[in-house]
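K.L.:
Structure provided below as structure tokens; questions to follow.
The values are calculated or read from the model by the stated rules, or taken from the named source; none is laboratory data. Note that the structure is predicted; figures quoted are calculated from it, not measured. Positions of Cβ are generated from backbone atoms using ideal geometry, with glycine treated the same way; all protein chains shown enter the neighbour counts.
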Amino acid sequence: MVRESQQPPRVVQDACAHEHVPDEAARNDAGQTIFPALMTGGVERAYKLDLKLGFRCNNRCTFCVQGDKRDYVEDLTTAQAIERLEAARETCDGLLLTGGEITIRDDVPEIIRAAKSLGYKLIQVQTNGRRLAYMSYCEALVEAGATEFNPSLHGHIAPLHDGLVGAKGAYNQVIQGLRNLQKLNQKVLSQTVITRMNVMHLRDIANLLVHLGVWQVQFAFVHALGTAAKTWDQTVPRYRDVQKHLPLALDLVRAAGRSTVTEAVPFCFLKGREWAAVEPGLPDTTVYDGDVRIGDYARYRLEAGKAHGPPCEVCTWQFACEGPWHEYPDRFGWDEFVPRTDPPPSKSQDTP
Ligand code: SF4
């Protein structure tokens with residue numbers, strides 16, 4: 001049974017760059033209404049469905065926002081997944097298939113075929129990228145109807161990536177997967193979670209992704225929930241360090257003529273590169289997470305996930321800025337956040 005989310009628990013949101021519903025919501029008793037304020041009107045405006053097929057995974061990422069949900073949330077069956085596709089089709093044209101790691105199940109081509117026959121125009125496969133090392137699997141996904149791929153790469157060398165995802169050999173698999181997609185001429189939007197371990201290597205990671213033909217490189221600031229909350233000291237970087245290294249990566253990608261975006265990096269740390277912030281351009285999204293449904297994820301993200309603090313009160317960009325995931329200032333405070341005094345852009349300017 002799918003439950004409508006209705007009442008935002010104070011806190012929560014994701015980073016895997018993958019919208020995520022908090023543990024608290026997934027664990028509520030069946031039938032209990034949760035996140036009430038967030039449901040009104042959301043469905044009508046949504047046009048992207050974020051469908052989480054389950055939380056099992058063949059990685060053990062040190063920054064995983066889903067934490068140990070793999071241990072207590074049942075994966076959707078194929079029939080349940082298709083039911084959700086049918087239910088959301090009325091309002092959603094785009095589909096993001098995510099988890100957990102969806103490619104460890106064998107029914108993904110079948111689910112994609114179902115989505116295609118229902119008329120979804122965009123079908124994105126979000127993955128840790130390991131199974132993409134098999135060309136025949138890539139071909140099966142493309143043949144089924146996948147229109148774009150969103151694999152993750154968190155390091156420019158094997159020890160860094162494999163260490164962050166807790167799986168030896170994962171780096172080589174992702175690299176092979178990216179080469180396979182390049183050979184198949186597929187649209188690839190990569191995902192890199194910014195952590196304390198890779199923040200100084202973002203430019204190197206960007207360089208590698210550009211050379212592997214990635215169309216859009218996304219850098220998402222880690223969201224300190226799940227495993228990331230437990231590994232905080234090794235995992236969560238300071239924004240001041242992100243501010244030092246991220247611009248070099250963004251500039252490299254842009255100079256190569258590719259697209260690049262950031263997630264959960266407030267505008268006070270993006271001076272001169274505000275164009276990279278993904279949030280203003282995010283589509284309205286309906287999220288299915290376990291047996292919980294959030295009809296208006298953007299509203300949920302703003303009300304329950306992100307935060308503004310004292311510096312934001314005098315910041316000229318406050319109305320354009322979602323602020324950081326609240327866990328960061330909850331732990332580190334607001335001293336790093338220096339309010340902007342320059343005028344924010346008008347809608348006609350160079351913003352996403
Ligand atoms: S609103 Fe707050 S978080 Fe956003 S740019 Fe301004 S000071 Fe930074």
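K.L.:
Any residue at all in the range 278-299 that's in a loop (DSSP other than H, G, I, E, B), away from the ligand (no atom under 13 Å from the Cβ) and either modelled with pLDDT of 75 or more or of a type in the set (Val, Ile, Thr) (or both)? Explain how you work it out, then say what you get.
P.N.:
Going residue by residue through the range 278-299, those that are in a loop (DSSP other than H, G, I, E, B) are 278, 282-284, 290-291, 295-296.
Next cut, away from the ligand (no atom under 13 Å from the Cβ) only: 278, 282-284, 290-291, 295-296.
From what is left, the residues that are either modelled with pLDDT of 75 or more or of a type in the set (Val, Ile, Thr) (or both) are 278.
For the range 278-299, residues in a loop (DSSP other than H, G, I, E, B), away from the ligand (no atom under 13 Å from the Cβ) and either modelled with pLDDT of 75 or more or of a type in the set (Val, Ile, Thr) (or both): present.
K.L.:
Given the residues 146, 140, 133, 88, which is the only one that is in contact with a strand residue (DSSP E or B) (Cβ under 8 Å, 6 or more places away or on another chain), aliphatic (A, V, I, L, M) and under 16 Å from residue 185 (Cα atoms)? Talk me through it step by step, then tell me what you get.
P.N.:
Values: 140 fails: in contact with a strand residue (DSSP E or B) (Cβ under 8 Å, 6 or more places away or on another chain); 133 fails: in contact with a strand residue (DSSP E or B) (Cβ under 8 Å, 6 or more places away or on another chain); 88 fails: under 16 Å from residue 185 (Cα atoms).
Result: 146 is the single residue among 146, 140, 133, 88 that is in contact with a strand residue (DSSP E or B) (Cβ under 8 Å, 6 or more places away or on another chain), aliphatic (A, V, I, L, M) and under 16 Å from residue 185 (Cα atoms).
K.L.:
Restricting attention to the range 327-348, which residues are more than 11 Å from the ligand (Cβ to nearest atom) and within 26 Å of the chain's Cα centre (by Cα)? Before the answer, list the steps.
P.N.:
So the first thing to find is which residues in the range 327-348 are more than 11 Å from the ligand (Cβ to nearest atom), and the list is 327, 330-333, 335, 343, 345-348.
Hits for the range 327-348 are 327, 330, 331, 332, 333, 345, 347.
K.L.:
With the condition kept exactly as written, say whether any residue in the range 244-254 is farther than 17 Å from residue 191 by Cα and within 16 Å of the ligand (Cβ to nearest atom).
P.N.:
No, that holds for no residue.
K.L.:
Give me the pairs: first residue in the range 308-320 and over 12 Å from residue 343 (Cα atoms) and near the ligand (Cβ under 6 Å from one of its atoms), second residue part of a loop (DSSP other than H, G, I, E, B) and modelled with pLDDT of 95 or more, beta-carbon distance under 7 Å, and six or more apart or on different chains, which are they?
P.N.:
These pairs meet every condition: 308/323; 311/334; 311/337; 311/338; 311/339; 312/323; 312/339.
K.L.:
Okay, next question. If you go through the range 332-352 one residue at a time, how many are modelled with pLDDT of 95 or more and among the small types (Gly, Ala, Ser)?
P.N.:
Summing the residues that are modelled with pLDDT of 95 or more and among the small types (Gly, Ala, Ser) in the range 332-352 gives 1.
K.L.:
Out of all the residues in the range 131-149, is one or more within 15 Å of the chain's Cα centre (by Cα) and either over 27 Å from residue 164 (Cα atoms) or buried (at least 17 other Cβ atoms within 10 Å of the Cβ) (or both)? Please lay out each step first, then the result.
P.N.:
Just the residues of the range 131-149 that are within 15 Å of the chain's Cα centre (by Cα), to begin with: 148-149.
Still in the running and either over 27 Å from residue 164 (Cα atoms) or buried (at least 17 other Cβ atoms within 10 Å of the Cβ) (or both): 148-149.
The answer is yes, given that some residue of the range 131-149 is within 15 Å of the chain's Cα centre (by Cα) and either over 27 Å from residue 164 (Cα atoms) or buried (at least 17 other Cβ atoms within 10 Å of the Cβ) (or both).
K.L.:
Going by the structure shown, is residue 305 buried (at least 22 other Cβ atoms within 10 Å of the Cβ), closer than 20 Å to residue 239 by Cα and more than 9 Å from the ligand (Cβ to nearest atom)? Lay out the reasoning, then the answer.
P.N.:
Values: buried (at least 22 other Cβ atoms within 10 Å of the Cβ): yes; closer than 20 Å to residue 239 by Cα: yes; more than 9 Å from the ligand (Cβ to nearest atom): yes.
Yes; evaluated as a whole, the condition is true for this residue.
K.L.:
If you don't mind, there's one more thing I want to ask. Looking at 165, 108, which is the one that is touching a His at 6+ places or on another chain (Cβ under 9 Å) and among the aliphatic types (A, V, I, L, M)?
P.N.:
On the way: 108 fails: touching a His at 6+ places or on another chain (Cβ under 9 Å).
None of the others qualify; the one that does is 165.
K.L.:
Oh, and also: Return the residues of the range 92-129 that are at positive phi and crowded, with 19+ Cβ neighbours inside 10 Å; say none if nothing qualifies.
P.N.:
100, 129
K.L.:
Okay, moving on. Let me spell it out: the conditions are (1) surrounded by fewer than 23 Cβ atoms within 10 Å (Cβ to Cβ); (2) at pLDDT 95 or above; (3) farther than 30 Å from residue 197 by Cβ, and residue 44 meets all of them except one. Which number is the exception?
P.N.:
(2)
K.L.:
State which residue is surrounded by the fewest Cβ atoms within 10 Å (Cβ to Cβ) when the search covers only the range 150-176 and only residues that are more than 19 Å from the chain's Cα centre (by Cα) and under 19 Å from residue 215 (Cβ atoms).
P.N.:
176
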